C-alpha cells in the first residue's frame, strides 16, 4: 500500500509550525508519531497535499511536575510516559492507559498528542480502498450512507484513543495554540461528539501540551480496556475511573469515563452521585450497571456487536472502580 | 495525481551513510527494501500490526512500515544485515539457530532486532520482560516458546562473549 504523494514540511520551532498552520488554513496535516495517520493514508482515507512533521520541535517534548501540575509536551513519546516514575506513582490511570496502547515498538514512536488527536474508527470506514469501493461512500468518507446503522443520519464512528479517557478522569486540560493566540480548554471539550469531524479544534490550531492536576492524597485512578489481543488491538470498550476517599474511607468523589462507546469519550455524571458516601464494599454495582447500560448507545461498528459491548460496560466499570479504590 | 518533488536525503544504516533522492511519501521499509536492497527487513501487514518490518532507530525497535524514510535522517538505523560481524553471527542470531526458534523465518529479523534492543537495555531480562518486548512481533510457526528460550540463551551467549571476548 503506497502513501499518496505530498509536500513535506518539518519545522524546527513551534513558531514556524504555527505559521505553516496559519498559511495553509488547515491544509497541512499534522504528523506526530504517525502510527495513526500513516495507515490512514495507506488505506487512501486521507490524501493531504502537505504533511507537517513536528518531530524536529524538541520544545514539544518533556514531562514536568511543577506547582502540583503535570505538564506533558504533545510530542512526548509514549515510551517516555511509561518510564516516568512521576506518572507511575501519581497518575496511575494514565500509566495503565499508555501500557494498554499496542506494543513497545509503537510506544517508541507514538506520541501523547497524536494519541489524543487520533481519528475515530469504524469497521465500515477503516478498510482498504478495494474493500470500500464496492459500495457508495459512508458519512465519514463524505457520502450519505451509514452501514453500521442503516438509514442512520449521523456518523457513529468510535473514538478509540486510550489516553484521553484516562486523562479526562484525571481532570486534564490541553494547551492549544495558533499564530498569535493560545487557549486552555478542558480535554473533554476538544471532542465534538460528531463522528465525521470528531474534534472542535480550529483548522489553524495545534494541541501543544497536556496539563494534569496532581490528584489529592486519597485519590486513586485506573484504566481498564477490553480488546481481543493486548499487543495490537484498539479498545472494544474501556473505562477510566478516578475515585477520592475521605478520612473514613468513604467515597467522596468519582469520575467515570467510558472510552470506545461513540465518537467521543463519555463522562458518566450520574456515577459520582450514586457512589458518594459508599465504601469499597457497599458500592451498589448493580444500580451503577443499570445507569451505565441505559445511558449508553452503542452500534455494531467494531469487531464485537454493540449489544455485547454495552452489556460489558458494568463489568469493566466495576473492575475499574475497584482498581481505583485499591 | 499530484506528484511532489523528490528530495535528497542521507540515511545512516548499519553504520554506512547513504545519499538518496526520494519522494517524501516513501516509508523507511520501502526505501530499505526497494532502493537499498536490504531485503532482510520483511514486509508483512504493512499496517503497523505484525512487527516483521521492525528495525532499530537509535537502538529502539520501531515499525519501518509506519515511519517515513525522510524522518529517519540524522538517526542511526540498524537492520538485520547490520548484526553479524562478517561470518560471526550475533549471539541472539546464533541462539535462534541453536534452539530451533526459526521455522519459516519471516518474523525472525524483527524478532532478533527486538531481542537485541532488549538485551542492550537489559542484559539479564526475565521471561516476562522478554514476552513484553516481543509482544508486538507476530510468529505464525513456532508458538513463541522456542523464541523466548532462544532470547534467554542469546542473553547468556552475549554475556559469555562479553566476559571472554
When residues of region A:23-53 are limited to those that are touching a strand residue (DSSP E or B) at 6+ places or on another chain (Cβ under 8 Å), assigned to a helix (DSSP H, G or I) and modelled with pLDDT of 95 or more, the one farthest from residue B:61 (Cα to Cα): A:37
Filtered residues of region B:58-77 (kept if surrounded by 22 or more Cβ atoms within 10 Å (Cβ to Cβ), at the interface with chain A (Cβ under 9 Å from one of its Cβ atoms) and in a strand (DSSP E or B)): B:61, B:62, B:63, B:68
Residues of region A:100-140 classified as in contact (Cβ under 8 Å) with a residue 24 or more places away in the chain, assigned to a helix (DSSP H, G or I) and within 14 Å of chain B (Cβ to nearest Cβ), total: 6
Any hit, region A:263-270, residues being within 20 Å of the chain's Cα centre (by Cα), surrounded by fewer than 16 Cβ atoms within 10 Å (Cβ to Cβ) and more than 15 Å from residue A:316 (Cα to Cα): yes
Residue in region A:225-235 that is surrounded by 24 or more Cβ atoms within 10 Å (Cβ to Cβ) and assigned to a strand (DSSP E or B) present: yes
Yes/no for residue A:108 being at pLDDT 95 or above and touching a helix residue (DSSP H, G or I) at 6+ places or on another chain (Cβ under 8 Å): yes
Residue B:106 closer than 25 Å to residue B:153 by Cα and either part of a loop (DSSP other than H, G, I, E, B) or touching a helix residue (DSSP H, G or I) at 6+ places or on another chain (Cβ under 9 Å) (or both): yes
Pair list, Cβ < 6 Å and 6+ apart or interchain, from region A:25-40 residues that are within 12 Å of another protein chain (Cβ to nearest Cβ) to residues that are in a helix (DSSP H, G or I): A:31/A:37; A:32/A:113; A:32/A:114; A:33/A:114; A:34/B:66; A:35/A:106; A:35/B:66; A:38/B:66
Output for region A:1-24, where each listed residue is more than 26 Å from the chain's Cα centre (by Cα) and either crowded, with 20+ Cβ neighbours inside 10 Å or at the interface with chain B (Cβ under 9 Å from one of its Cβ atoms) (or both): A:1, A:2, A:4, A:5, A:6, A:7, A:8
Residue among B:146, B:116, B:131 that alone is in contact (Cβ under 8 Å) with a residue 40 or more places away in the chain, assigned to a helix (DSSP H, G or I) and closer than 25 Å to residue A:100 by Cα: B:116
Scan of region B:142-157 for residues that are over 18 Å from the mean Cα position of the chain (by Cα), under 26 Å from residue B:44 (Cα atoms) and surrounded by 15 or more Cβ atoms within 10 Å (Cβ to Cβ), ordered by number: B:142, B:146, B:149
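The values are calculated or read from the model by the stated rules, or taken from the named source; none is laboratory data. Source: prediction; values computed, not measured. Counting neighbours? That spans all protein chains shown, and the Cβs are built from the backbone with ideal geometry, glycine included.
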